[in-house]
1. If I ask for residues that are within 30 Å of residue 248 (Cα to Cα) and within 16 Å of ligand 3 (Cβ to nearest atom), which ones from the stretch 53-83 would you list?
2. Collect the residues in the stretch 61-89 that are more than 15 Å from ligand 2 (Cβ to nearest atom) and over 18 Å from residue 153 (Cα atoms), keeping them in residue-number order.
3. Is the stretch 84-104 home to any residue that is away from ligand 3 (no atom under 16 Å from the Cβ), of a type in the set (Lys, Arg) and part of a strand (DSSP E or B)?
4. Can you pull out the residues in the stretch 110-123 that are under 14 Å from the mean Cα position of the chain (by Cα) and modelled with pLDDT of 95 or more?
5. Has the stretch 256-271 got any residue that is more than 23 Å from residue 62 (Cα to Cα), touching a residue at least 12 places away in the same chain (Cβ under 8 Å), outside any helix (DSSP H, G or I) and more than 16 Å from ligand 3 (Cβ to nearest atom)?
6. Hey, among the residues in the stretch 86-109 that are under 17 Å from the mean Cα position of the chain (by Cα) and farther than 21 Å from residue 29 by Cβ, which one's nearest to ligand 1 (Cβ to nearest atom)?
7. Taking the condition of being more than 19 Å from residue 17 (Cα to Cα) and either aliphatic (A, V, I, L, M) or more than 10 Å from ligand 1 (Cβ to nearest atom) (or both), how many residues in the stretch 62-85 meet it?
8. Got at least one residue in the stretch 176-195 being in contact with a Gly (Cβ under 9 Å, 6 or more places away or on another chain) and modelled with pLDDT of 95 or more?
Amino acid sequence: RAGGNRIQVYSDELRVPVQQKIAAESRLRVALAGDMRDTLPVWFQPVVDTATGKIAGAEALVRMRTPGGEILSPFHFVGAAEETGLIVPLGEHVLRTAVEHLLQWSDRLGYVSVNVSPRQLAEPDFVPMVASVLAGLPGFDPSRLVLEITETALLSSAVDVGERLNALKELGVRIALDDFGTGYSSLTWLKSLPADIVKLDRSFVAGLAEDARKASIIEGVLWLARSLGMSTIAEGVEEKADWEALRAAGCPAVQGYFFSRPLPAPEFETLLLNSLER
Ligand code: C2E
Ligand code: CA
Ligand code: CA
């Protein structure tokens, strides 16, 4: 019916992802319409200071609680959130919740770090939204808020990412380059963007103690970051041997299952209290 001179292939397999996407989107709409503290809880994973072994900060990581009580990882809904633009209200919720918790834990936690997707960064309202959150917190040191940006943000050429990051820096917040090393333009990032922290992707970290190439790459990145006045956090530290290798290499901070998985806020609070007593 579509005319001659063509071959069209239909595959049942193609239908599945589409259905999953639609399901993810409708679940997300339901969650955003509900009590988000319940439906979209923000969990926290500690970032550990290598020198002291103490919790320096925490990364906020969103989860979804389904009406059936199941906890879903961002893998199941962040993609759909970005495609539909629902990442904008979701991201604002995560930012506000993360900062709220930081204030609660102020005497025990230095900073909180929040993921910002390329889509959010491209929104004209993003910088004003962050500014209004900060304006609502008189006396709050804005450098205690870290925004994590991935290299893919550079590819969305619709906005000048550098300009946007500069506007954020003017607010006093800090910028971290997330998943560093996995994108197309890691060195371009370092060359041109006003970042404070490099988050070395876990693919360079896992098994580092037994892999001389990974160790060399890490030493190189640590040196580069230091020379540029940036700090480094190694992500995905699962093994003691890897932590020891990172410490020996002078990596200032680490994050990973070896220390703690991301935890619901009450459990993270318990961890904070216990780590002080130690
Ligand atoms: P990410 O920003 O790279 O976050 C780190 C991910 O690695 C988290 O997965 C964390 O649980 C996991 N992880 C931490 N330590 C280890 C480890 O030792 N081993 C392994 N294998 N994994 C580790 P999670 O929480 O499932 O989040 C996945 C991704 O979803 C995040 O990757 C981030 O890109 C995105 N995401 C999470 N929360 C938000 C959010 O609030 N906003 C946006 N835009 N994206 C988010
Ligand atoms: Ca991150
Ligand atoms: Ca990461």
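The values are calculated or read from the model by the stated rules, or taken from the named source; none is laboratory data. Remember, predicted model here, so these are calculated numbers, not experimental data. Cβ placement follows ideal geometry from the backbone for every residue including glycine, while neighbour counts extend to all protein chains displayed.
1. If the condition is that a residue be within 30 Å of residue 248 (Cα to Cα) and within 16 Å of ligand 3 (Cβ to nearest atom), then 57, 58, 59, 60, 61 are the ones that fit.
2. 64, 65, 66, 67, 68, 69, 70, 71, 72, 76, 77, 89
3. no
4. Listed by number, the residues that qualify are 111, 112, 113, 114, 115, 116.
5. The answer is no; no qualifying residue exists.
6. The qualifying residue nearest to ligand 1 (Cβ to nearest atom) is 98.
7. 9
8. no
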